[in-house]
1. For the pair PHE206 and LEU70, what calculated FRET efficiency results from E = 1/(1 + (r/R0)^6), where r is the Cβ-Cβ distance and R0 = 30 Å, to the nearest 0.05?
2. If the reach is capped at under 20 angstrom between alpha carbons, list the aspartates and glutamates near LYS22, excluding any in the same chain fewer than eight residues apart.
3. I'd like to know which of LEU42, LEU55, CYS21 lies farthest towards the positive end of the charge dipole of region 1-77, counting +1 on Cβ of Lys and Arg and -1 on Cβ of Asp and Glu.
4. Identify the residues of region 213-254 with backbone N under 20 Å of a label point that sits 7 angstrom from the Cα of LEU55 along the Cα-to-Cβ direction, or state none.
5. What is the calculated FRET efficiency for SER88 to SER156, with r their C-beta to C-beta distance and R₀ = 35 Å, to the nearest 0.05?
6. Between GLU167 and LYS22, what is the label-point separation in nm under the 7 Å Cα-to-beta-carbon projection?
7. Stretch SER232-GLN192 to full length: gain in nm at 0.36 nm per residue minus the Cα-Cα span?
8. How large, in Å, is region 1-104 by the Kirkwood hydrodynamic radius built from its alpha-carbon pairs?
Amino acid sequence: MNKKSGHFINVVKFDELIGICKSYQTLYNPSQTNHGIAALELQSKDTKSILTNVLLKEIAYDKDTNDRELQFSTIKKLGTRILMAAKSSGVTSVHYNDLVNVNRKIQGRRAVTITAEEKATMKSQSLNKSTDPNLPIVKKNSVSQLSYDRLFDNFSKLVEVLKATPEYNPNEDDLKVVALTVKLDLMRLSNQIVLESTINLLKAKFDRNQMMYLQKNNLVDTALAVKNYTRSVFGARSIQNKQLSGLRFTKLRK
């Protein structure tokens, strides 16, 4: 568990609350069964398990995204090498131009340079959007097409053009169509793995938020209810109430 996170701090304070309540011995006798010591300890245990699951999913997500980054990191250089190999192979001008156009997208370059007026318009729209998220915006072609999905799509198009270009037949193994097809499959797989890791992480965080903040009798609400109970038993100015009032629990930000 991340010991710096507000979620972990809430659990630490919840355990402190349990310890203080246990010190009251028989004087701590709530009518609500879910506020009893055994129930509180079980809730703490289940919450720690949920937080550990989130941590494990975060570690898996980081690994999978790093692996994907490595898998995609060579594509720009590979696109340039493919162009050089195609040119030296004597491919037709039509096929070569197709390769150039697709490679331009892989490299993140536009076929037409953005004018100063376009840049000013995009900047103005961006500033307005930041202050008013509901403001409609005229969509422009993105200068950068380097998102992983777009990069995969463009590299896939590049491979398809090569398959339709009989003149393309380099001696280098990693530039051959067969090797590039394998590379494409590995890119697709890494994208799919990251997608699955993302879903798993979101599910783990959803479960955490439900248990700690959102569902009925969640951890924070239970802690606040216990504090109210002890205040009713010992009084607002009691030492017992002062012990628990110092425990502040953070609720989930919207």
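Read the figures in this text as sums done on the coordinates, not as results from a lab. Remember, it's a predicted structure, so these values are computed and weren't measured experimentally. Virtual Cβ from ideal backbone geometry, glycine too; neighbours counted across all protein chains shown.
1. On the way: r = 29 Å, r/R0 = 0.97.
That gives a FRET efficiency of 0.55.
2. Hits, sequence-local ones excluded: GLU41, ASP46, ASP221.
3. LEU55
4. Flagged as within label range: 213, 219-220, 250.
5. Values: r = 23 Å, r/R0 = 0.67.
After rounding, the FRET efficiency stands at 0.90.
6. So the label points at LYS22 and GLU167 sit 8.0 nm apart.
7. Working: separation 40, 0.36 × 40 = 14.40 nm, distance 5.45 nm.
My answer for the length gained is 8.9 nm.
8. On the way: mean 1/r = 0.0523 Å⁻¹.
Answer for region 1-104: a Kirkwood hydrodynamic radius of 19.1 Å.
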